[in-house]
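S.K.: The structure is given below, and queries will be raised subsequently.
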Amino acid sequence: MTSLLVTGIGELVTWDDEQPVRRDAALVVEHGKVAWVGDRAAAPTADAVRDVAGAAVIPGFVDSHTHLVFAGDRSAEFEARMSGRSYEAGGIRTTVAATRAATDEQLTANVARHVAAMRAQGTTTLEIKSGYGLTVHDEARSLAIAQQATPETTYLGAHVVPEGSEVAEYVDLVTGPMLEACAPHARWVDVFCEDGAFGADEARAVLTAGQTAGLVPRVHANQLGHGPGVQVAAEVGAAAADHCTYLDDADVAALADAGVVAGLLPGVEFSTRSPYPDARRLFDAGVTIALATDCNPGSSYTSSMPFCIALAVREMGMTPLEALWSATQGGAMSLQRTDVGHLRVGAKADLVVLDAPSHVHLAYRPGVPLVAQVL
Ligand code: NIG
Ligand code: FE
């Protein structure tokens, strides 16, 4: 079979400039790519036909920020937070210990389990970071495992300073032998720029060393308080500054001026009872937003993009259409990908068929499994 006509589409979201959302549409897939999009009545013939009976069809979600290579969980920490304790970056070390103790097979199986859950919820492209190994060996094997699941792998040796190390000596390791071992397995370099993790100078050193090794920077910025992360991201020309929970006007301007994508991760605010960032403020300033899960056992243990869409609409001031855009096209822009995140002619045919007539239902019916099929 070389071509497939998907027809009977009640609502088709392509993000085409002229008609981003179509009614009563059809789409032809050829060799894994979108070959034709148009009105149902004008659809060409194809080798096979699938009628989706009025359902909405959207691009597969692009989850541009996850930490899937880990072992263990931190439900006790979550439970304590829900009784009033605050989130601390130091909890990462609990997962580091569990991850180091796990075998490659266990870590690979964990990643596969989470990737399968994501796919069932409509995610067709995802990024995976290291960052729970924090030794040369454990960071490199984390990335090698991540690479089996996605080409979008991120070296996050600079997640926190591991127990028993000094900051300066650890930054030397991260920018030296660890980078050398990890760069062949990674496309991106990331740093957690935050009080309790790495400061501006250290973040700059990590990101520029990564750039020299051929990696493209992205930053964990302004998550726990107002810090220098966003400014450093703009300075080094990072693809993305993720979290952006605490921003001042200069940060918003820096993101817009430098064309850095702001990654908003509402699962984190949900799970840490933090204030949600204001998406409207970013959109109004012309900042591109990517919505992602940040799936990790500490600050956001969800693999569900539909859940993040619902939170972004309810808590961050997005419209349902803006949230869907941010979860697809925005995610693709965060990962500097032009082949995914949309369904214009030429795109990878990553289609999600909803058990609903419109994308609005993703936020309107939170927690309901609305992803009927992932093609
Ligand atoms: O994106 N901010 C740093 N890293 C993760 C949290 C990791 C953890 O708590 O285990 C994050 O929120
Ligand atoms: Fe993260």
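S.K.: Between a residue in the range 36-52 that is within 19 Å of residue 348 (Cα to Cα) and any residue that is among the hydroxyl-bearing types (Ser, Thr, Tyr), which pairs come within a Cβ distance under 7 Å, given they are 6 or more apart or on different chains?
M.R.: Matching pairs, first to second residue: 37/14; 46/3; 47/2; 47/3; 49/7.
S.K.: Kindly list the number of the only condition in (1) within 14 Å of ligand 1 (Cβ to nearest atom); (2) touching a strand residue (DSSP E or B) at 6+ places or on another chain (Cβ under 8 Å); (3) closer than 21 Å to residue 313 by Cα; (4) touching a residue at least 60 places away in the same chain (Cβ under 8 Å) that fails for residue 261.
M.R.: All conditions pass for residue 261, except number (1).
S.K.: Kindly establish whether residue 225 is within 16 Å of ligand 1 (Cβ to nearest atom), of a type in the set (Gly, Ala, Ser) and surrounded by 22 or more Cβ atoms within 10 Å (Cβ to Cβ).
M.R.: Against the criterion (within 16 Å of ligand 1 (Cβ to nearest atom), of a type in the set (Gly, Ala, Ser) and surrounded by 22 or more Cβ atoms within 10 Å (Cβ to Cβ)), residue 225 does not qualify.
S.K.: Please work out which residue is farthest from ligand 2 (Cβ to nearest atom), limiting yourself to the range 281-296 and to residues that are surrounded by fewer than 24 Cβ atoms within 10 Å (Cβ to Cβ) and of a type in the set (D, E, K, R).
M.R.: Per the stated criteria, the residue is 284.
S.K.: Can you tell me which residues in the range 229-276 are crowded, with 20+ Cβ neighbours inside 10 Å and assigned to a loop (DSSP other than H, G, I, E, B)?
M.R.: 238, 239, 244, 245, 247, 260, 265
S.K.: Considering only the range 30-52, I want to know if a residue exists there that is touching a strand residue (DSSP E or B) at 6+ places or on another chain (Cβ under 6 Å), under 26 Å from residue 290 (Cβ atoms), within 16 Å of ligand 1 (Cβ to nearest atom) and modelled with pLDDT of 95 or more.
M.R.: Checked against the condition, which is being touching a strand residue (DSSP E or B) at 6+ places or on another chain (Cβ under 6 Å), under 26 Å from residue 290 (Cβ atoms), within 16 Å of ligand 1 (Cβ to nearest atom) and modelled with pLDDT of 95 or more, the range 30-52 yields no hits at all.
S.K.: Take residue 328 and tell me if it is in contact (Cβ under 8 Å) with a residue 40 or more places away in the chain and within 13 Å of residue 15 (Cβ to Cβ).
M.R.: yes
S.K.: Pairs under 8 Å by beta carbon, first residue within 17 Å of residue 88 (Cβ to Cβ) in the range 220-235, partner within 12 Å of ligand 1 (Cβ to nearest atom) and part of a helix (DSSP H, G or I), six or more apart or different chains?
M.R.: Matching pairs, first to second residue: 220/229; 222/229; 223/229; 223/268; 224/89.
S.K.: Within the range 138-169, count every residue that is away from ligand 2 (no atom under 16 Å from the Cβ) and touching a residue at least 24 places away in the same chain (Cβ under 8 Å).
M.R.: 13
The values are calculated or read from the model by the stated rules, or taken from the named source; none is laboratory data. Note that this is a predicted model, so its numbers are computed, not measured. Positions of Cβ are backbone-derived with ideal geometry, glycine not excepted, and every protein chain shown enters the neighbour counts.
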